[in-house]
1. Quick one, which of (i) 41, 23, 16; (ii) 58, 19, 16; (iii) 45, 20, 16 is the actual semi-axes √(5λ) of the Cα gyration tensor in Å calculated for this model?
2. So for the chain, averaging the separation of alpha carbon pairs under 8 Å that are six or more residues apart and normalising by length, what relative contact order in percent results?
3. List, in the order given, every pair from LYS214/LYS245; LYS7/LYS131; LYS100/LYS153; LYS153/LYS214 whose Cα-Cα distance in the structure shown is over 20 Å.
4. Could you tell me the distance between the Cα centroids of region 54-82 and region 254-303, to the nearest Å?
5. Give, rounded to the nearest 20 debye, the magnitude of the charge dipole that region 12-180 has about its Cα centre when Lys and Arg contribute +1 at Cβ and Asp and Glu contribute -1 at Cβ.
6. Between ASP10 and GLN303, what is the label-to-label distance in nm when each label sits 7 Å out along the Cα-to-Cβ direction?
7. Need one word for region 1-51: rounded, prolate or oblate. Basis is the Cα gyration tensor (sqrt eigenvalues a ≥ b ≥ c); a/c below 1.5 gives rounded, then a/b vs b/c decides.
8. Work out the FRET efficiency for ASP74 and ASP150 from their Cβ-Cβ distance, taking R0 = 35 Å, and round it to the nearest 0.05.
Amino acid sequence: MPKWTIKLPDVVRIDVLLFDGFSNHCLANTLEPYRAANTIIGRHIYQWRLFSLPGGLVRSSSNMLVQTDPATADQPPCDFIMVTSGYRHKKLSTSENLSKLRALCSNARCVVGLDTGAWLLAAAGQLDGRKATIHSDVFDSFTETFAHIDARKDRYIIDRDRITCGGAMASFDLALHLIGHQCGEGVRLDVAALFLHETSQPFGDMEKESIRSKLVLRALVIMDQNIEDPLTIPDMADRLGSSVKNLHRRFVENLGTTPGKVYRYRRLVAVRSLVENTDLSIAEITTRCGYENASAMTRAFKQQFKITPVALRISSGN
């Protein structure tokens, strides 16, 4: 069962191994959620390094150049090594490259194949006997070449300490899933909301992968549409055509906590956004986020984020 809040890890170390022709869309969709999670949490839990086998500049499929460090077998261990390549994956599957890749994978707690990176991992024997997926354009060729791998057409597959992901958009879903597992559902939903335009639904299509209940998705939308004048949970359940008991059960199953706690959190997230991104007074923000007075809002905010709204505004330079 998912958990709304969990004890945060001290640090999660991520090594990203790039090969020429990699998708910079995939790279950004992988790392930007972690950058956002660090911002939301207020410290650098997620730390990443960019590598290539030779080091130096690596060219993406859209000709973007990315500076990397050389990958060596004696580099410090990491929690995740994420391997990504482009459509030159077959030419990259040389005995020398695969030997180096095997050594690097042995230095990581978990090995991740992004986009066609799964092909290189399979060729290096890192997916033997595992369930795996890959970009849809090369899926059929992948299944024919690696018949001993249980290939499936999923967005991403987690099989113990091996993870594979089918493309750029799926890599964003995967990052959100891992953030939820490592930092709790509250942080995950917060990260998801940051990447959507304000006219979009608050949690977007990517949430359908991790929130199976349409009732919960509809409730999340209603919450974000009723920040200034909060609804009671019975009123929300009535709008949704659900009983309070059923709504409570679905939230616990999908997010690991009650609808009331999620609603309070979303209101405090709205407070934080207004504090950091507007010049509105604390009194005005209090009203806009459905609090009767600034003192009550400040107490709730400090309990949630370990800082007062005034102190946050000063530290953010707004």
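1. Answer by label: (i).
2. Working: 540 pairs, mean separation 49.2, N = 318.
Normalised by residue count, the contact order of the chain is 15 percent.
3. On the way: LYS214/LYS245 16 Å; LYS7/LYS131 30 Å; LYS100/LYS153 28 Å; LYS153/LYS214 23 Å.
With Cα atoms farther than 20 Å apart: LYS7/LYS131; LYS100/LYS153; LYS153/LYS214.
4. So the two Cα centres are separated by 41 Å.
5. On the way: 18 positive and 17 negative charges, 35 e Å.
With Lys and Arg at +1 and Asp and Glu at -1, about 160 debye.
6. Here the answer is 3.1 nm between the modelled labels.
7. On the way: a/c = 2.36, a/b = 2.01, b/c = 1.17.
Here region 1-51 falls in the prolate category.
8. Numbers: r = 33 Å, r/R0 = 0.95.
Using R0 = 35 Å, I get an efficiency of 0.55.
Every read-out reported here was derived from the displayed coordinates using simple, explicitly stated rules and does not represent laboratory data. No experiment lies behind these values; they were computed from the predicted model shown. Ideal geometry is used to build each Cβ from the backbone, glycine not excepted, and the neighbour counts take in all protein chains shown.
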